[in-house]
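Here the structure is laid out as structure tokens; the discussion comes afterwards.
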Amino acid sequence: MRRVVITGIGAVSPNGIGRERFWQATQNGVSGVRRITRFDPSGYVVQVAGEVPDEFDEKKYVEIKDRPHVSRAVPLAAASVAEALEDAGLDVKAMNRDQLRQIGVIVGSGGGSQDFTEEQYRLYYGGHQKQCSVYTIPTGTIGTLASEVSMRFGFRGLSHIVSTGCTSSTDAMGYAFHHIQRGSLNTMIAGGVDSPLAPLILRGFQLMRIMSTHWNHEPQRASRPFSRDRDGFVIAEGSWFFVMEEMEQAKARGAHIYGEVAGYGSTCEAYHRVRLEECGEEPARAIGLAMEEAGIGPPDVQYISYHGTSTELNDRIETRATKLAFNGYAYKLPGSAIKSLIGHPQGACGAAGVAATLLAMRDGVVHPTLNVDEPDPECDLDYIPTTPRKLNIEHAVCNCIAFGSKNSAMVLRKV
């Protein structure tokens, strides 16, 4: 099996646009959660979200005439892919057709273009039928999101979507990892994007009673994984993408290597549409499968990036799964939850955790988990509360748990 490394990172996050701004805010514990500005939230029980700052300029990535025909996910993805390519030193404009045929795209997205589809219904039923997009069907079809990335940059390799709920971007990177590992392609653009900030989507999540409702007056305190008084997740948008390459190719061209994707594991509890099984066995098994593929055991891991949604059920069961996966070593294993800083960007959350973990490996410091004001007695591990911590990471596990009983984990190795 060939080894797979990451040579480029791009980020458009609620707490910072661009890789380094995202990382500086993240490692310093700066939250990107605020009152919703995309639409008037005053009639909603939930009024806060992880919104990308207003300074993000969609026009740099989608022409004005095209913007009504695509979802917000398209400029978000284009921005982070462009940054990842530049970071990796890949000039796609200078590549010929054969070279572009060797670059594939796998996008992880839970909602895809649901915000766009919602807008088309609003226009139609609001008496503005003539304003509906001629591309309502193709843009509303989730697979077209990967095509938008491929078309913008000219990539002619495979162009696929993985949509598995909150594990989408972890799974997208896992599939990209296996494609390169087995020799299908040498270079993959993989990661995640989601843009779920729209009125009906917000109402749908409200109906499930899994969102934070008690912190509209203090948005930055709303996402509080592992805290006893947590009351639900904070919806968010964002995009994190990576250039993944076969290791020898990356070394031959002198690319900077952030780290190696060493293992990937995925399981399904086959239990419920949204609830987790109390035992935590399948999330633990996903972590175990990833470590097994990486050829490591629990004592070899120095850090875990938690899914950490800030829902009562997820945090408790993820803690239980971590104890099962790492046995007694779990109490010695520090970890933190990126969602405490950015909210929950749905299918893109796994990629956000991978980006933060790779940058932590680079700099030797890991970001904190915010708002663990009163730890839940059933969440009794080291979640790196409040302040960043210096930490040398050789191996890290990035964990994700999704609707539909899905679980995915990835092992990253320092190179």
Review point. Within region 130-150, can you find the residues that are open to solvent by 50 Å² or more (accessible area, probe 1.4 Å) and not in a helix (DSSP H, G or I)?
Key: 134, 135, 141, 142
Practice item. Starting from region 323-341, keep only residues that are closer than 13 Å to residue 280 by Cα and free of Cβ contacts under 8 Å to residues at least 12 places away in the same chain, then list their pairs with residues that are open to solvent by 10 Å² or more (accessible area, probe 1.4 Å) and not β-branched (Val, Ile, Thr) whose Cβ atoms are within a distance under 8 Å, requiring at least 6 positions of separation or different chains. Key: none
Review point. Among the numbered criteria (1) in a helix (DSSP H, G or I); (2) open to solvent by 10 Å² or more (accessible area, probe 1.4 Å), which single criterion is violated by residue 373?
Key: (1)
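Scan region 254-268 and tell me whether some residue there is closer than 21 Å to residue 114 by Cβ, hydrophobic (A, V, I, L, M, F, W, C) and either open to solvent by 10 Å² or more (accessible area, probe 1.4 Å) or not in a loop (DSSP other than H, G, I, E, B) (or both).
No: zero hits.
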**Study point:** Unmet requirement for residue 308, which otherwise passes all of (1) touching a Leu at 6+ places or on another chain (Cβ under 8 Å); (2) open to solvent by less than 10 Å² (accessible area, probe 1.4 Å)
**Key:** (1)
**Study point:** Selection within region 12-44 - more than 28 Å from residue 204 (Cβ to Cβ), of a type in the set (Phe, Trp, Tyr) and either at pLDDT below 95 or touching a Pro at 6+ places or on another chain (Cβ under 6 Å) (or both)
**Key:** none
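One line per residue, one yes/no per condition, for (1) outside any strand (DSSP E or B); (2) modelled with pLDDT under 95; (3) in contact with a Cys (Cβ under 9 Å, 6 or more places away or on another chain):
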residue: 169; (1), (2), (3): yes, no, yes
residue: 189; (1), (2), (3): no, no, no
residue: 193; (1), (2), (3): no, no, no
residue: 196; (1), (2), (3): yes, no, no
Check your understanding: From the list 83, 55, which one is in a helix (DSSP H, G or I) and either touching a residue at least 12 places away in the same chain (Cβ under 8 Å) or crowded, with 19+ Cβ neighbours inside 10 Å (or both)?
Key -> 83
Revision key, fill the gap. Picked from region 211-245 (must be more than 15 Å from residue 89 (Cα to Cα) and of a type in the set (Asp, Glu)), the residue least open to solvent (accessible area, probe 1.4 Å) is 237
**Study point:** Counted residues, region 164-176 - those being out of contact with any Asp or Glu (no Cβ under 9 Å at 6 or more places or on another chain) and either within 14 Å of residue 146 (Cα to Cα) or crowded, with 24+ Cβ neighbours inside 10 Å (or both)
**Key:** 8
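Just to be sure, is residue 21 in contact (Cβ under 8 Å) with a residue 60 or more places away in the chain, surrounded by 14 or more Cβ atoms within 10 Å (Cβ to Cβ), closer than 30 Å to residue 387 by Cα and under 20 Å from the mean Cα position of the chain (by Cα)? So that I can check it myself, show each step before the final result.
On the way: in contact (Cβ under 8 Å) with a residue 60 or more places away in the chain: no; surrounded by 14 or more Cβ atoms within 10 Å (Cβ to Cβ): yes; closer than 30 Å to residue 387 by Cα: yes; under 20 Å from the mean Cα position of the chain (by Cα): yes.
Spelling it out, it is not the case that residue 21 is in contact (Cβ under 8 Å) with a residue 60 or more places away in the chain, surrounded by 14 or more Cβ atoms within 10 Å (Cβ to Cβ), closer than 30 Å to residue 387 by Cα and under 20 Å from the mean Cα position of the chain (by Cα).
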Study note, to complete from the structure: Only one of (1) within 30 Å of residue 179 (Cα to Cα); (2) of a type in the set (A, V, I, L, M, F, W, C); (3) modelled with pLDDT of 95 or more; (4) part of a loop (DSSP other than H, G, I, E, B) does not apply to residue 9, and that is (4)
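The values are calculated or read from the model by the stated rules, or taken from the named source; none is laboratory data. Predicted, not measured: the structure shown is a model, and the values here were computed from it. Counting neighbours? That spans all protein chains shown, and the Cβs are built from the backbone with ideal geometry, glycine included. Areas reflect the complete protein model, heavy atoms only, side chains present, ligands, DNA and RNA absent. Shrake-Rupley method; radii C 1.70, N 1.55, O 1.52, S 1.80 Å.
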